[in-house]
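Q: Please read through the structure below; I'll follow up with questions.
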Amino acid sequence: MYIVRLRGGLGNQLFEYAFCCYLSRFTDSVSVDDSEYKCFKCHDGLEVDSIFDIHYPSAGFGDIIRCSNSIPISVGGKPGIALFELERIRKRWSIRLHQKRTHIREDDVEEMGDMAFTQLLKNNKDKTLYFDGYWFTTQYLDRLGDDWLRFRSDFIEKHLKYTDGLDFERLCSIHVRKGDYSGTGLDVCDGAYYQRAMDHIRGIRSEVKFAVFSDEIDKARSIVGEGTDTIFMDTPKGETAGLDIWLMSLCHDNIIANSTYSYWGSRLNRHADKCVIMPAQYEKMRYGNSIVL
């Protein structure tokens, strides 16, 4: 059995689930360690399988203990957060001294290379291995094709009302990530980047309109600028994070931030001639018709 650790927001969860799908090519038994979501809420919590038509069972406490360097936390609130912090401190001091061979980190996979990793999976498909990482790479996605991930039909039906009056064939989405990026080294997509990207789209598309998505829409207005060809998509705060990803995926083209969230909005865009513009920080995530500015 292979166990994949889940953590982070919806964009991260999608990369981790993609890795699960890749591992499924080598074994019939893949499960997830979702214990972190039981002790604290990251963004909107674990919601990927309520938005997309995918599912993997949760690994048992005993299996996680046996093959990983982690102790799963199964309680929420302040006690769970305290235990989680203590566990993180313990791992910091002891992980190098007591590293289990069955606990495989993303850095370990990068060091061994693709061929060696593939051989490891083939040789250990009947063993229990624990995979710990975010798996931010197109390496596994490109091998899965286009049909491995689809929005749930009930999710689409529930949110169809948000598509009213929008001509997606002429829309280019723009994602401005602020929130937890503000004041950090991740907050790198400035107004100049968005203006260059918009000018490029205007040069290849006639009558294009831009649909701006952001977790702080007022800041997005000052960064992107308001114009007759710009629509600010102020979707309700109480809605799922999947709503904006779905709407971005319906647009003909996409201008993304250095965010896994907007990356998936563009990756799930099914237009064959789409143009995706991404910042230089996402050079390694480039794919298909994407352009780095």
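Q: State, to one decimal in nm, how far the label point of K237 lies from the label point of D187, with both points 7 Å from Cα in the Cβ direction.
A: 1.8
Q: I want to check the label-to-label distance for K219 and E283. Put each point 7 Å from Cα in the C-beta direction and report it in nm to one decimal.
A: Rounded to a tenth, the inter-label distance reads 2.6 nm.
Q: Now for a different question. Pairs of alpha-carbon atoms within less than 8 angstrom and 6+ residues apart define the contacts here; what relative contact order does the chain have, in percent?
A: Result for the chain is 18 percent.
Q: Pull up all non-local amide H partners of D33: gap of 5 or more, or a different chain, and H-to-H distance under 5 Å with H placed in the peptide plane.
A: Those lying under 5 Å, H to H, from D33 are V4, R5, L6, A59.
Q: Moving on. Applying the Karplus parametrisation 6.51 cos²θ - 1.76 cosθ + 1.60 with θ = phi - 60° to the phi angles of the stretch 45-62, what ³J(HN,Hα) value in whole Hz is obtained for each residue in order, glycine and proline being reported as x?
A: Those phi angles translate into x, 7, 9, 4, 7, 8, 9, 10, 7, 9, 7, 9, x, 7, 6, x, 4, x Hz.
Q: Also, I was wondering about something else. In whole Hz, what ³J(HN,Hα) sequence does the stretch 100-107 give by Karplus (6.51, -1.76, 1.60; θ = phi - 60°), x for Gly and Pro?
A: Once rounded to whole Hz, the list reads 7, 5, 7, 9, 10, 8, 4, 4.
Q: Within the chain, what percent of beta bridges assigned by DSSP are antiparallel, to the nearest 5?
A: 5
Q: From the helices alone, meaning DSSP H stretches of at least four residues, give me the mean residue ellipticity at 222 nm for the chain, per-run term -39500 (n - 2.57), in deg cm²/dmol to the nearest 500.
A: Per the formula, -11500 deg cm²/dmol.
Q: Next up: Please list, in order along the stretch 194-204, the HN-Hα scalar couplings obtained from phi with the Karplus expression 6.51 cos²θ - 1.76 cosθ + 1.60 (θ = phi - 60°), rounded to whole Hz, x for Gly and Pro.
A: Coupling constants for the stretch 194-204: 5, 5, 4, 5, 5, 4, 5, 5, 4, x, 10 Hz.
Q: Sticking with this structure for a sec: What's the longest bit of the chain with no exposed trypsin sites (Lys or Arg not before Pro), using DSSP loop states and at most 14 other Cβ atoms within 10 Å as the test?
A: 151-236
Q: So if I place +1 on the C-beta of Lys and Arg and -1 on the C-beta of Asp and Glu, and nothing else carries charge, what would the dipole magnitude of the chain be about its Cα centre? I want it in debye, nearest 20.
A: In total the dipole reaches around 880 debye.
Q: While we're on this one: Amide H neighbours of A211 under 5 Å, at least 5 residues apart or on other chains, H built in the peptide plane: list them.
A: C172, S173, I174, I231
Q: Ok, one more. Counting pairs of alpha carbon atoms under 8 Å apart in space and at least six apart in sequence, what relative contact order in percent does the stretch 207-258 give?
A: 34
Q: Using a Förster distance of 22 angstrom, determine the FRET efficiency expected from the C-beta separation of D126 and Q99, and round it to 0.05.
A: The computed FRET efficiency comes out at 0.50.
Q: Exposed loop sites here are GluC sites (Glu not before Pro) in DSSP loop states with at most 15 other C-beta atoms within 10 Å. What is the longest stretch of the chain lacking them?
A: 1-206
Q: Once you keep just the Cα pairs under 8 angstrom separated by 6 or more residues, what percentage relative contact order results for the stretch 153-292?
A: Normalised by residue count, the contact order of the stretch 153-292 is 25 percent.
Values quoted throughout were computed directly from the atomic coordinates according to the rules given, and no laboratory measurement underlies them. Because the structure is predicted, anything quoted here is derived from the model rather than measured. Please note: Cβ atoms are built from the backbone with ideal geometry, for glycine as well, and neighbour counts cover all protein chains shown.
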